Amino acid sequence: MSIHPSPVFPLFIGSGRSGTTLLRNIFDSHPELAVTHEAHFVAPMAQRRSRYEDQGRLDRSAFVADLYKNKNFVRQGLDRADVETRLAAHPVRGFADAVRAVFALYAEREGKRLYGDKTPGYVNHIGLIAGLFPEVRFVHIIRDGRNVALGYLDRPEWGPSTVAEAALYWRSRVMRGRTAGARLGARRYHEVRYEALVDDPEGTTRDVCQFLGLDFHDAMLRFHERGEDFIATSNTPEAFGGLAMPVTKGMRNWRLQMSEGDVELFESIAGRLLGSLGYETRTEGVAPSVKVKAALAGLGWQVKRLEAKTQPLVDKVRRNR
């Protein structure tokens, strides 16, 4: 027996600081849909799912142990005993069924029948997740990368700490998401512009509802009425103050808040993508000094990515000494 999939499993993805949390709170306010806030466990556990699967059966102990090692999942507030009971009560065939069972439990706790997740980083794992969950639909929110950069500079502990790093990060995530999404096609992948969402909240939300096969409800645009509750449970409440207000324009404005030098640097790295997405650009010719700075930033970015990939192996060797 396997867990029956939900009719649709929305995943809200994108570069950080692009409005993913706003979109999540709008859809979590749907009367039938419960959306976790960055549960983070699906992709990393999927990459090692052979650890949990054996001849069509699930190793529940290993699955639950790894699930509760993930601090982001623990933050969702599901009791471990309840998860274990659910998995025992509904024999599952493998990793995908176990994931469905966990999300279904979360939705039931919230009094809803459908579930989804907002984890921006899944934009890097679209192919992997899509292959495991045919019912998943990806909603990729894209925002002008220069405003994304301003958001990261406000919260450097969340990722890039310089304009150049932010440009590389934004370009990488947007391009990877769009490339993988194009392979999936319009039935399973949908793009939302942050700017469209704040210009026309209802129209844009209705479009996403149609993509997901959901009815639109006015309660979705009253997400801010529950905003204080969300903010109070956040580790960084000062970063989410806007969620206690209706959808609001002008939260960041690179034209007023970013220096000309930073605009030139960002556009020297990601200007082509900005233009292809229809965003205006200001930089026509890039100064040699800016080209050098961009090249050095790109080299540093590649080194960081290599270190991130090899660190788990280094840690494993150290543990086995």
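The values are calculated or read from the model by the stated rules, or taken from the named source; none is laboratory data. Being a predicted model, the structure only gives us computed values, none of them experimental. For neighbour counting, all protein chains shown are included, and Cβ atoms are generated from backbone atoms with ideal geometry for every residue, glycine included. Calculation scope for accessible area: heavy atoms of the full protein, side chains included, ligands and nucleic acids excluded. Shrake-Rupley method; radii C 1.70, N 1.55, O 1.52, S 1.80 Å.
Expressed to the nearest 5 percent, the antiparallel share of DSSP beta bridges inside the chain is 10 percent. Taken over segment 252-309, the percentage of Cα pairs per 10 Å bin, counting from 0 up to the bin with the maximum distance, is 21, 44, 29, 6. Straight Cα distances below 19 angstrom link Lys291 to the aspartates and glutamates Glu165, Glu260, Asp262, Glu264, Glu267, with same-chain residues fewer than 8 positions distant left out.
Using only alpha-carbon positions in segment 211-280, the gyration tensor eigenvalues give semi-axes of 32, 19, 11 Å once each is multiplied by 5 and square-rooted (largest first). Distance from the Cα centroid of segment 194-231 to that of segment 125-144 is 19 Å (rounded to whole angstrom). Over all pairs of different C-alpha atoms in segment 159-233, the reciprocal of the mean inverse distance, the Kirkwood hydrodynamic radius, equals 15.1 Å. Of the solvent-accessible surface of the chain, computed with a 1.4 Å probe over protein heavy atoms with every protein chain present, carbon and sulfur atoms account for 50 percent.
For segment 287-307 versus segment 41-108, the spacing of their alpha-carbon centroids is 40 Å. The angle between the Cα long axis of helix 288-319 and the longest principal axis of the Cα atoms of the chain comes to about 20 degrees, rounded to the nearest 10. Dividing the convex hull volume of the alpha carbon atoms of segment 90-183 by its residue count gives 130 Å³ per residue. Ignoring lysines fewer than eight residues from Lys69 along the same chain, the ones with Cα atoms less than 23 angstrom from its Cα are Lys118, Lys309, Lys316. Given in Å, the Rg to one decimal and the Dmax to the nearest whole number for the Cα atoms of segment 20-66 are 14.9, 41. According to the Kirkwood relation over distinct C-alpha pairs, the hydrodynamic radius of segment 202-247 is 11.7 Å. In the context of the full set of protein chains, segment 204-318 has a per residue accessible area of 63 Å² (1.4 Å probe).
With respect to the chain, whose longest principal axis is taken over its alpha-carbon atoms, helix 95-109 is tilted by about 90°. Taking amide hydrogens as placed 1.01 Å from N in the peptide plane, the amide H of Arg143 sits under 5 Å from those of Tyr194, each at least 5 positions away in sequence or on another chain.
Over the chain, the alpha carbon radius of gyration divided by the compact-protein estimate 2.2 N^0.38 Å works out to 1.04. A simple count of charges around Gly19, restricted to other residues whose Cβ falls under 11 Å of its Cβ and scoring Lys, Arg +1 and Asp, Glu -1, yields +4. Here's the list of lysines a cross-link from Lys112 could span, going by alpha-carbon distance under 26 Å and ignoring same-chain residues fewer than 8 apart: Lys71.
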